[in-house]
Amino acid sequence: MKEIQSNINIIGGGLIGAVTAYSLSKLGNKVVVLEKNPKFNHKNILDKRTTAISEGTKKFLEEINIWNEIGNYAEPIKNIQIIDRNQANKIYFDNQRRKSNLGYIVKNEFILDCLYKKLQKQKNVKIFNNVSVKDVFYEGDRIITKQNNFYINTNILFACDGKNSSIRKIFKTPIYRKDYKKKAIVINFYHSKNHNNTAYEFFFKNGPLAILPMQKNKNQFQSSIVWTNTNKFINSLLSLDDNHIISILNEKTQGSVGEIKKIITKQTFPLKAHLNSKFFENRIIYLGDSAHSFHPIAGQGWNLGMQDVESIYNLVKKYNSLGLELGDELFCKEFQKDNFFKAYRLYQITDKVDSVFKLENTIFNYARFSAINLIEKSKKLKNQISDFAMGVN
Ligand SMILES: Cc1cc2nc3c(=O)[nH]c(=O)nc-3n(C[C@H](O)[C@H](O)[C@H](O)COP(=O)(O)OP(=O)(O)OC[C@H]3O[C@@H](n4cnc5c(N)ncnc54)[C@H](O)[C@@H]3O)c2cc1C
């Protein structure tokens, strides 16, 4: 059996695994990535979602020299409107104060494409596709990942294998979890009116509906809807033909982007959130969705995962410069200290915001109406909320 030596082994080459591999390889580390899916190309990518990239994430992507490429596919968000039930009750955000955008919408396939093009040029990165990791164990101070005909012998393993992490199951890391028993439907569509770089978030009783501005395609205005609703509703929506779905969406979106002309793609995702009880095991660090996943109400899951990656990047840089070995107990604990609370906070915020907007009776409607009015009138509160959403607080 062939032995592959590396100082970093990454399980999962999705949005977090790929950027972790790229950033750490730029620090001169020898990186091996094991990914379950076949080699990335546009034909086999099933994920048709977009990601709202925060200003904080953009800054890190600039630091590692990849924003130039990703930015080519990014549509800036210049304004956000939060609408509770109807247009009479809304909050309006812009970013005149910081003179920057409120975020950027990019299709996931373009982010991955840019990352894989960069990774291919890194001589110190080796990617194995069609590899589903099941066998990982310790040999003294080394961690071994065993496959049929080779094994990887390394100092540290980064689990970037998503919310159903196999590594987490192998090492029995406990998690807190919540099943919202709902789904999010993601619909990319063409529409008649210019979105003018505005993102909308409508709050309805059964869950939020966001409209995210995308780059024009074939000279047509394009946006993406993320709509959370009960499983029963989403299943019945999917049983309708596109014309019928379009008429429902036209009513729900209240003319924000004009008439919906054509549905391009639709996909559903079960709504579940979780938080690992800790973000490390001996010589193993959980990054991104393998450590935490959230209700997508605020579009922050990947952005928080990117804060994990930035933190690891800085830690590895420090250890490399001091000539220290990666992955000892101190290393893992330092990562946990810097990142656990941020994830716990986002888990609580997304969960509570979802429940507040769901409540419907005279008292709660009045309380929400008053809170929205208060925020709309308070510059300070608005600035705090937009800084949080931008990942710059
Ligand atoms: C509807 C919806 C909308 C969202 N919108 C936003 C948004 O606007 N902004 C934002 O910041 N976040 C958003 N998110 C969250 C975001 O999509 C996730 O946080 C992000 O995709 C996590 O990336 P990841 O690489 O950690 O996990 P994944 O994308 O799940 O990648 C995991 C990878 O590991 C591989 N893998 C799994 N098991 C194994 C194994 N045993 N061996 C080898 N490989 C394995 C998988 O094939 C996959 O490639 C949204 C989420 C949802 C559901």
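The values are calculated or read from the model by the stated rules, or taken from the named source; none is laboratory data. Because the structure is a prediction, the values reported are computed rather than measured. Neighbour counts run over all protein chains shown; Cβ positions are idealised from the backbone, glycine included.
For S224, state whether it is small (G, A, S) and over 17 Å from the mean Cα position of the chain (by Cα). The answer is no for S224. Looking only at residues in the range 300-336 that are farther than 23 Å from G162 by Cα and either near the ligand (Cβ under 9 Å from one of its atoms) or part of a helix (DSSP H, G or I) (or both), the one that is nearest to the chain's Cα centre (by Cα) is K317.
Contact map, the range 43-63: residues that are farther than 15 Å from V226 by Cβ and small (G, A, S) paired with residues that are modelled with pLDDT under 95 and more than 11 Å from the ligand (Cβ to nearest atom), Cβ distance under 9 Å, separation 6+ or inter-chain. Pairs shown: S54/L102; S54/M390; S54/V392; G56/M390; G56/V392; G56/N393. S54 passes every criterion in (1) out of contact with any Gly (no Cβ under 8 Å at 6 or more places or on another chain); (2) modelled with pLDDT under 95; (3) within 23 Å of T20 (Cα to Cα) apart from (1).
The numbered conditions (1) part of a helix (DSSP H, G or I); (2) of a type outside the set (S, T, Y); (3) within 30 Å of K218 (Cα to Cα); (4) within 12 Å of the ligand (Cβ to nearest atom) are all true for L346 except (3).
For the range 261-290, filtered to residues that are outside any strand (DSSP E or B) and more than 15 Å from the chain's Cα centre (by Cα), the residue that is surrounded by the fewest Cβ atoms within 10 Å (Cβ to Cβ) is S277. Answer yes if at least one residue in the range 111-130 is within 24 Å of the chain's Cα centre (by Cα), within 21 Å of L346 (Cβ to Cβ) and within 15 Å of the ligand (Cβ to nearest atom), and no otherwise. Yes - at least one qualifying residue is present in the range 111-130. W302 falls short on exactly one of the conditions (1) among the hydrophobic types (A, V, I, L, M, F, W, C); (2) farther than 17 Å from I16 by Cα; (3) buried (at least 20 other Cβ atoms within 10 Å of the Cβ), and that condition is (2). Test E35 against the stated conditions and say whether it is over 25 Å from S165 (Cβ atoms) and surrounded by 16 or more Cβ atoms within 10 Å (Cβ to Cβ). It is false that E35 is over 25 Å from S165 (Cβ atoms) and surrounded by 16 or more Cβ atoms within 10 Å (Cβ to Cβ).
When I297, I349 are screened for being buried (at least 19 other Cβ atoms within 10 Å of the Cβ) and either more than 27 Å from E139 (Cβ to Cβ) or over 15 Å from the mean Cα position of the chain (by Cα) (or both), only I297 passes.
Taking the criterion of being small (G, A, S), surrounded by 13 or more Cβ atoms within 10 Å (Cβ to Cβ) and at pLDDT 95 or above, the residues of the range 207-253 that qualify are S223, S224. For the range 1-98, the strands (runs of 3 or more DSSP E) that sit wholly inside it and include 1 or more residues that are touching a strand residue (DSSP E or B) at 6+ places or on another chain (Cβ under 8 Å) and near the ligand (Cβ under 9 Å from one of its atoms) are 8-11, 31-34, 50-53.
Quick grid of which residues meet (1) small (G, A, S); (2) closer than 21 Å to S224 by Cβ; (3) away from the ligand (no atom under 15 Å from the Cβ); (4) at pLDDT 95 or above:
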residue	(1), (2), (3), (4)
D161	no, no, no, yes
S165	yes, no, no, yes
K172	no, no, yes, yes
I175	no, no, no, yes
Y180	no, yes, no, no
I185	no, yes, no, yes
Y190	no, yes, yes, yes
N194	no, yes, yes, yes
Y200	no, yes, no, no
